[in-house]
1. For segment 209-245: of the residues being farther than 16 Å from ASP36 by Cβ and among the aromatic types (Phe, Trp, Tyr), which is farthest from the ligand (Cβ to nearest atom)?
2. Just wondering, is there one or more residues in segment 183-200 that are at pLDDT 95 or above, β-branched (Val, Ile, Thr), surrounded by fewer than 21 Cβ atoms within 10 Å (Cβ to Cβ) and within 16 Å of the ligand (Cβ to nearest atom)?
3. Does GLU71 fit the bill of being loosely packed, with under 13 Cβ neighbours inside 10 Å, within 22 Å of the chain's Cα centre (by Cα) and free of Cβ contacts under 8 Å to residues at least 12 places away in the same chain?
4. Of the residues that sit in segment 274-293 and are within 14 Å of ASN122 (Cα to Cα), of a type outside the set (Ser, Thr, Tyr) and surrounded by fewer than 20 Cβ atoms within 10 Å (Cβ to Cβ), which one is modelled with the highest pLDDT?
5. State yes or no: is TYR125 over 26 Å from GLY49 (Cβ atoms), within 16 Å of the ligand (Cβ to nearest atom) and part of a strand (DSSP E or B)?
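The values are calculated or read from the model by the stated rules, or taken from the named source; none is laboratory data. Quick caveat, the model's predicted, so the values are computed rather than measured. As a convention, Cβ positions derive from the backbone with ideal geometry for all residues, glycine included, and neighbour counts pool all protein chains shown.
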Amino acid sequence: MVWQVFTARKSFSDPVIGSRWANRCGLHLARIRLSDVFLAARRWWLFRGKLTEEMQQFRRDGFVALEGFLEPQDYKILKAKAEAVMQAADATGPAPSYRDAGFGKPHIYNWGFDRCDGSTVNRFYTLPSDDVLSRLADNPRFRRLLEYASGCRFEPRRLLLYRLIQGSDGGRPDNQRDIHRDTFHSCVKFWFALSDVSEECGPLHYLKGSQRFNEQRWRWEKARSIWASENNKGGAFRCSAAEANAQYGDVPQPLVVKENTLVLADVRGWHHRGYAKPGTERLAVYGSFRPSPFGLPKVRPLDSNGQ
Ligand SMILES: [Fe+2]
């Protein structure tokens, strides 16, 4: 159906999204350009161009990493609560010993869900909406940054506790380690680190500025959209390090951060999970905000004090 062009649908196995003729004519590039117009409109509706330094940095680089984000006392309380939630859930169902191929399906429990990317385990725990969590969720700086990045209203219910247990890259490789982008339009993920993220536990790697398209990237996107149309592929495109380097003169770099750091990234930019020592873990409060790429600014304007 033609209306699917104006949705978040991204798979090139779709007959319209993946039409070879339409993509030769530039359908994929047109969707990207149009989604950028909608995002700019939603951001304008929210902020009227009054951007903090962090917002400008996010717009320029595609990510921010803000150390010491919460006051130490608030952070300590939040971390203790998060660990208690995790331990209570783990007591009812330990981390799975099974592994999935590729991007696995969620395994649902009453406390959250597991998903395996090959040999890597992702555990997502539901967080209670109480005054402890609100130390992050109600933080004005946090909310404003997320609202700017996503161009939509902040929804605290979308915050999860995320424990990542790195697998080995033997039999079932983790395909999140390949350089990729999640979507054709800008959308946002954040990780508020509850543990130090060292090089050995496979930090997020991000290619600075790659959420913005230059001439080389536009050319690559068009060629890849035609190839994906011909091969009925998904829409989370992968690229090689050589291709990323040819487009931006660099490859994704690791975001090694300390606990109590907020990392926020536009996952249209090139990124991947780092290679890690098997068994290493990281813990974070996590959220994914993927508004409709062609949604009208159905967001309430911010109060005059910007909150
Ligand atoms: Fe991703």
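1. Checked segment 209-245; the qualifying residue farthest from the ligand (Cβ to nearest atom) is TRP227.
2. So far as segment 183-200 goes, no, none of its residues is at pLDDT 95 or above, β-branched (Val, Ile, Thr), surrounded by fewer than 21 Cβ atoms within 10 Å (Cβ to Cβ) and within 16 Å of the ligand (Cβ to nearest atom).
3. Judged against the criteria, GLU71 is not a match.
4. This residue is GLU281.
5. Judged against the criteria, TYR125 is not a match.
Residue by residue, here is whether (1) more than 16 Å from the ligand (Cβ to nearest atom); (2) surrounded by 22 or more Cβ atoms within 10 Å (Cβ to Cβ); (3) at pLDDT below 90 holds:
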{"site": "PHE113", "(1), (2), (3)": "yes, no, no"}
{"site": "CYS116", "(1), (2), (3)": "no, yes, yes"}
{"site": "SER134", "(1), (2), (3)": "yes, no, yes"}
{"site": "GLU155", "(1), (2), (3)": "yes, no, yes"}
{"site": "PRO173", "(1), (2), (3)": "no, no, yes"}
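So that you can scan it fast, the table gives a plain yes or no per residue for (1) part of a helix (DSSP H, G or I); (2) closer than 30 Å to LEU161 by Cβ:
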residue: VAL5; (1), (2): yes, no
residue: SER11; (1), (2): no, yes
residue: ASP14; (1), (2): no, no
residue: ALA22; (1), (2): yes, no
residue: HIS28; (1), (2): yes, no
residue: LEU34; (1), (2): yes, no
residue: GLY49; (1), (2): no, no
residue: LEU70; (1), (2): no, yes
